[in-house]
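What follows is a set of notes on a single structure, which appears directly below.
The values are calculated or read from the model by the stated rules, or taken from the named source; none is laboratory data. Just so it is clear, the model here is predicted, and its values are computed rather than measured. Heads up, the Cβs are rebuilt from the backbone with ideal geometry, glycines too, and the neighbour counts pull from every protein chain shown.
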Amino acid sequence: MLSRCRQPRYLAPMPSSPRLRARRPTRTGPPPATIRGAGATDVGHVRVVNQDAILVAPGLGLYAVLDGMGGGPAGDVAAQTAALVMAEYVRMQARSRRRWPRQVLDRAIRAASEMLFWEGHRDERLRGMGTTVVACLVLDPTRVVIAHVGDSRAYLLRDRKLAQLTRDHSLVQELVDRGKLSPRSARRSPKRHTITRSLGHRTVRPDVRERRLRAGDRLLLCSDGLHGYTPARLIRRALAGDGTAEQLAQAIVDLAMSRPAPDNVSAVVIAVEGGRTRAARSSRVLKRTARRQQRSSEVGGQ
């Protein structure tokens, strides 16, 4: 346990002291940026069991959506188990989380996959279970590490524009990359849910990347029950709406439920709130530049 060091007490200078300097006026401005995250999930209109799992752990900066493979046994057990293993691994690596965040998130996913593999060997009823995952480790309001396996996705909403941050590990995505299938045909292909990577194997290779964040950004983690049946323009509109992270996550799930939703639907929203937005920063820079130009013109006139 770290010992608390008492700060020395100094006598305040007398008002008549010539060394007493006037305090600078406190700068007023927006509060520092903070992270708010929340999730929502629904079984959908067709399934009896919700095989999705969401992970919201603000204390660890860890958020995830996991989609237990519907065709495999015990998909719900796989998703829940993987979420618990990931959270425990990140908790154990609390000191390394900030220094090596990419490695910590990568190894957390690998540990979860190996756990599912051995659990499947111990229990015949769980043999072959698996799950997809998309997860992010938020280091501070300016940095996030994103990792995924399978076709669960991460999106970024910035300046009201929606960008997909992950690339599906699926059969149709590989065909698109090879030029054998158009993106439009891929969205309608009956094999669009056939994934090429998943947790549940002894070894797995997540795709991991680090991304810079800024005030006003909103991250969305979701299962294919959302992006597979809901157009991106509607997802963008819902994510850009007013409300807290919890309200936005629920609104996105409700959006999917308002349409034919044959699969489980899950969404986690992480919002960067407070701080200076890009527009505010640009306005401040313009004002500063204008003041400098005015001073330069005044000096030149003299």
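A few points about this structure:
- Among the residues listed as G61, G37, G29, G44, the single one being modelled with pLDDT of 55 or more, over 17 Å from S113 (Cα atoms) and touching a Leu at 6+ places or on another chain (Cβ under 6 Å): G61
- Exactly one residue among R188, R197, R211 is more than 28 Å from L139 (Cβ to Cβ) and either surrounded by 14 or more Cβ atoms within 10 Å (Cβ to Cβ) or without any contact (Cβ under 8 Å) to a residue 60 or more places away in the chain (or both), and that residue is R188.
- Options L226, L234, L221; residue that is in a helix (DSSP H, G or I), under 30 Å from R127 (Cβ atoms) and hydrophobic (A, V, I, L, M, F, W, C): L226
- Single residue of segment 245-275 satisfying the filter (among the charged types (D, E, K, R) and over 22 Å from G61 (Cβ atoms)) that is surrounded by the fewest Cβ atoms within 10 Å (Cβ to Cβ): R259
- A count restricted to segment 45-63 and to residues that are surrounded by 21 or more Cβ atoms within 10 Å (Cβ to Cβ) and within 13 Å of S223 (Cβ to Cβ) stands at 5.
- Matching option when the condition is surrounded by fewer than 17 Cβ atoms within 10 Å (Cβ to Cβ) and touching a Gly at 6+ places or on another chain (Cβ under 8 Å), among D159, D168: D159
- Answer residue from segment 34-55, given it is among the aliphatic types (A, V, I, L, M) and not in a loop (DSSP other than H, G, I, E, B) and is farthest from I270 (Cα to Cα) among those: A53
- Tabulated pairs, segment 170-184, first under 14 Å from D151 (Cα atoms) and in contact (Cβ under 8 Å) with a residue 24 or more places away in the chain, second polar (S, T, N, Q) and part of a loop (DSSP other than H, G, I, E, B), C-beta under 8 angstrom, 6+ apart or interchain: S170/T194; S170/T196; L171/T194; L171/T196
- Taken as a whole, segment 108-125 holds at least one residue that is part of a helix (DSSP H, G or I), hydroxyl-bearing (S, T, Y), modelled with pLDDT of 90 or more and in contact with a Leu (Cβ under 8 Å, 6 or more places away or on another chain).
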